[in-house]
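The values are calculated or read from the model by the stated rules, or taken from the named source; none is laboratory data. These numbers come from a predicted model, not from an experiment. Here the Cβ is made from the backbone with ideal geometry for all residues, glycine too, and neighbour counts use every protein chain on show.
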Amino acid sequence: MPRADWQFLGNLPLVFPSPGEQAAIVRFLDWANGRLERAIRAKRKVIALLTEQKQAIIHRAVTRGLDPSIPLKPSGIPWLGDIPQHWEALRAKYLYREVDERSIDGSEELLSVSHLTGVTPRSQKNITMFKAASYVGHRLCRPGDLVVNTMWAWMGALGVSAHAGIISPAYAVYRPLRPECIVAIYMDGLLRSMPYVSNIICRSTGLRASRLRLYPEEFFRLPVIQPPANEQQQIVQAIQGETANLKTSISRLEREIELLLEYRTRLVADVVTGKLDVREAAARLPEDASPKAPIPAEDLLSEAEPEPEAVE
């Protein structure tokens, strides 16, 4: 691990503005940072609401189907309730088998498993964790495999992979016994819906809530509802159509948050290094200027609400 010893730190040149200018810088940055943080918070609240709406659409479709007039029957699963009469409810052991294939040279694409995005290439995500020196011996997964982050399954960190690649050896990989009966995107939405995530929490074991693990024997006991394959495909298409605008809005807000964070970092760097003189701006701030001072509601709304023309 890299270290910075006292000899290095002691010889590091530092710049010091006058105490008055330091106070002006702190005052200005406190004010600016407060406004930025509240704008970011407002956008995150909108994202949470849009995500909740998207999850509700997915939950309704994957557990009830698309036709509300179809007769229902008890699923036999207390935490799930009734399902369409022609659907089945099977234990996961009748749908999946565990596989343990390992990479020979570690050259395959590195994949990440997230509770937000499911299984995605790590190159598409902003991950700052250290990479392993070698991926030889890591687990392999194929398109259609269900990948479960064993330690974070209780948060919904699982998904059906659309990619071939390598994952952590600590993850579990389950392969469909009858691939023709399972539409991958349907299963991804079903197992990441709130009722299933809640039940996965109950099936996970560990000493602490943050260290719960979902072991294969418990996964195989999980009851999984199964519409016919053609109906699964129809459900997937309906979900994609109903949630397209929500996904676009969420992506736009996430990008706006990234830009605000980048702006804050650059602003701090420019101010503390003297590239931007804020003494006059700080002097013009009202006496009660504070990071906690409320922003007018119209300002919050104008920054948080996605513009209709930006939605596809």
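Just a few scattered comments:
- Any chance residue 81 is at positive phi and more than 25 Å from the chain's Cα centre (by Cα): yes
- Residues of segment 204-221 that turn out to be within 19 Å of residue 91 (Cβ to Cβ) and buried (at least 18 other Cβ atoms within 10 Å of the Cβ), as a count: 3
- Within segment 141-170, tally of residues that are within 15 Å of residue 102 (Cα to Cα) and under 15 Å from the mean Cα position of the chain (by Cα): 0
- Selected residue (only one of 93, 43 is among the charged types (D, E, K, R), in contact with a helix residue (DSSP H, G or I) (Cβ under 7 Å, 6 or more places away or on another chain) and surrounded by 17 or more Cβ atoms within 10 Å (Cβ to Cβ)): 43
- Counting the residues of segment 262-277 that are surrounded by 13 or more Cβ atoms within 10 Å (Cβ to Cβ), part of a helix (DSSP H, G or I) and in contact with a helix residue (DSSP H, G or I) (Cβ under 9 Å, 6 or more places away or on another chain) gives 5.
- Qualifying residue in segment 236-256 (condition: in contact with a Ser or Thr (Cβ under 8 Å, 6 or more places away or on another chain) and at pLDDT below 90): no
- Residue in segment 189-196 that is in contact with a strand residue (DSSP E or B) (Cβ under 9 Å, 6 or more places away or on another chain) and aliphatic (A, V, I, L, M) present: yes
- Screening 84, 71 for residues that are over 30 Å from residue 137 (Cα atoms) and exposed (fewer than 11 other Cβ atoms within 10 Å of the Cβ) leaves exactly one candidate, 71.
- Single residue of segment 195-232 satisfying the filter (in contact with a helix residue (DSSP H, G or I) (Cβ under 6 Å, 6 or more places away or on another chain) and of a type in the set (A, V, I, L, M)) that is farthest from residue 116 (Cα to Cα): 229
- Residue in segment 287-306 that is crowded, with 17+ Cβ neighbours inside 10 Å, of a type in the set (A, V, I, L, M, F, W, C) and at pLDDT below 95 present: yes
- Taken as a whole, the condition of being surrounded by 12 or more Cβ atoms within 10 Å (Cβ to Cβ) and assigned to a helix (DSSP H, G or I) applies to residue 57.
- Failed criterion for residue 207 (all others in (1) in a helix (DSSP H, G or I); (2) in the same structural domain as residue 162 (by TED's automatic domain parsing) hold): (1)
- Against the numbered list (1) part of a loop (DSSP other than H, G, I, E, B); (2) touching a Lys or Arg at 6+ places or on another chain (Cβ under 9 Å), residue 83 comes up short only at (1).
- The lone exception for residue 108 - which of (1) buried (at least 18 other Cβ atoms within 10 Å of the Cβ); (2) touching a Leu at 6+ places or on another chain (Cβ under 7 Å) it fails: (1)
- Answer residue from segment 87-110, given it is modelled with pLDDT under 95 and of a type in the set (Ser, Thr, Tyr) and is farthest from residue 140 (Cα to Cα) among those: 107
- No other residue among 37, 52 is closer than 23 Å to residue 149 by Cβ and assigned to a helix (DSSP H, G or I) apart from 52.
- Residues in segment 171-188 that are in contact with a strand residue (DSSP E or B) (Cβ under 6 Å, 6 or more places away or on another chain) and under 19 Å from residue 238 (Cβ atoms): 182, 184, 187, 188.
Conditions tested, residue by residue: (1) of a type in the set (D, E, K, R); (2) within 30 Å of residue 236 (Cβ to Cβ).
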site: 3; (1), (2): yes, no
site: 22; (1), (2): no, no
site: 27; (1), (2): yes, no
site: 40; (1), (2): no, no
site: 55; (1), (2): no, yes
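- Filter result for residue 224 (assigned to a strand (DSSP E or B), in contact with a Cys (Cβ under 6 Å, 6 or more places away or on another chain) and surrounded by 16 or more Cβ atoms within 10 Å (Cβ to Cβ)): no
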